[in-house]
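Student: Structure in structure tokens, see below.
The values are calculated or read from the model by the stated rules, or taken from the named source; none is laboratory data. Quantities reported herein were computed from a predicted structural model and do not represent experimental measurements. Note: ideal-geometry Cβ built from the backbone for every residue, glycine included; neighbour counts use all protein chains shown.
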Amino acid sequence: MPDLLVVADSLAFHGPERPYPADEPRLWPNLAATRLGGRAELVARAGWTARHAWSAVSGDPRVWAVLPHVDAVVLGVSGMDSLPSPLPTALRELIPAVRPAPLRRVVRDGYRRAQPVLAPLLAELPGGGPATLPARLTASYLERCRSAVHALRPGLPVVALLPSVHRAADYGRVHPHRAATEAAMRAWAARAPGVTLLDTAALVGGHVLGGHGNPDGMHWGWAGHRAVGTALADELGRRLPVRSEQP
């Protein structure tokens, strides 16, 4: 019964209308694990980038507990990394810490109003303006994750999801850094032992851009989850050794 450790962003637990508990069987991590005859351990949070994935791998005791026992690791981040970020990420992530609460609400609401306007304007700049996480850092943090996993479990299969696509009004419907993030990840995977990539844009592009996913234009409907879960199971099915039945 192959078990998976999935470290991911909100695409792993958001459905067509809302976020779901980690054990929802229609989510792509659970669909993949079920097709393989195992289960998925999901460690995820909205807004996570490869930097957050590294923080989880290196600092989350849940990860430490399951890593010695799983049959593969899935790094389901990179989508957030590639999104435009008009305000530097470090400052944006400090908004919840602003005090007092009325000032925090003013700052948060102002950012939410400004982001859809600024994102397409900054996308016209050379390099597409600031990204949530620069592509080179996405690759660097993913390599840290892989290196840590293989230090404990040499040769353990690692699958990383390439950035998805979006049509989100919150981001001005622009995605100027997706190509750079994908290129950096492909270059990383080409030299990283034990790593394969899953092209989520190829799997869910029509689904998302055709308006068949979540109304937010970012997250997937159940058809998108099925496509990714099936493709992931197929990829891991080719890589995982066949376990013999115990007498």
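Student: Can you tell me which residues in the stretch 120-145 are in a helix (DSSP H, G or I) and loosely packed, with under 14 Cβ neighbours inside 10 Å?
Tutor: Answer for the stretch 120-145, where residues must be in a helix (DSSP H, G or I) and loosely packed, with under 14 Cβ neighbours inside 10 Å: LEU121, PRO126, GLY127, ARG136.
Student: Right, something else. Limited to the stretch 71-127, what total is found for residues that are under 30 Å from HIS150 (Cα atoms), touching a Ser or Thr at 6+ places or on another chain (Cβ under 9 Å) and charged (D, E, K, R)?
Tutor: Looking only at that region, the number is 1.
Student: Modelled with pLDDT of 95 or more, within 16 Å of the chain's Cα centre (by Cα) and either farther than 23 Å from LEU133 by Cα or of a type in the set (Ser, Thr, Tyr) (or both): is that true of ALA231 in this structure?
Tutor: Yes; evaluated as a whole, the condition is true for this residue.
Student: Would you mention how many residues in the stretch 165-191 are assigned to a helix (DSSP H, G or I) and either farther than 12 Å from LEU142 by Cβ or of a type in the set (D, E, K, R) (or both)?
Tutor: 11
Student: Listed residues VAL117, VAL70; which is in contact with a strand residue (DSSP E or B) (Cβ under 6 Å, 6 or more places away or on another chain) and either surrounded by fewer than 17 Cβ atoms within 10 Å (Cβ to Cβ) or on the phi < 0 side of the Ramachandran plot (or both)?
Tutor: VAL70
Student: Within the stretch 226-236, identify whether any single residue is touching a Leu at 6+ places or on another chain (Cβ under 7 Å), farther than 25 Å from LEU87 by Cβ, in a helix (DSSP H, G or I) and of a type in the set (Asp, Glu), and answer yes or no.
Tutor: Looking through the stretch 226-236, at least one residue is touching a Leu at 6+ places or on another chain (Cβ under 7 Å), farther than 25 Å from LEU87 by Cβ, in a helix (DSSP H, G or I) and of a type in the set (Asp, Glu).
Student: Then there is this: So, of the residues in the stretch 103-114 that are surrounded by fewer than 11 Cβ atoms within 10 Å (Cβ to Cβ) and either of a type in the set (Asp, Glu) or modelled with pLDDT under 95 (or both), which turns out to be nearest to ALA187 (Cα to Cα)?
Tutor: Going through the qualifying residues, I end up with ARG113.
Student: Identify all residues within the stretch 146-170 that are of a type outside the set (A, V, I, L, M), buried (at least 22 other Cβ atoms within 10 Å of the Cβ) and in contact with a helix residue (DSSP H, G or I) (Cβ under 6 Å, 6 or more places away or on another chain); write none if there are none.
Tutor: Scanning the stretch 146-170 gives PRO157, PRO163, SER164.
Student: Say whether the condition of being among the charged types (D, E, K, R) and in contact with a Gly (Cβ under 9 Å, 6 or more places away or on another chain) is met by at least one residue in the stretch 222-229.
Tutor: Within the stretch 222-229, none of the residues are among the charged types (D, E, K, R) and in contact with a Gly (Cβ under 9 Å, 6 or more places away or on another chain).
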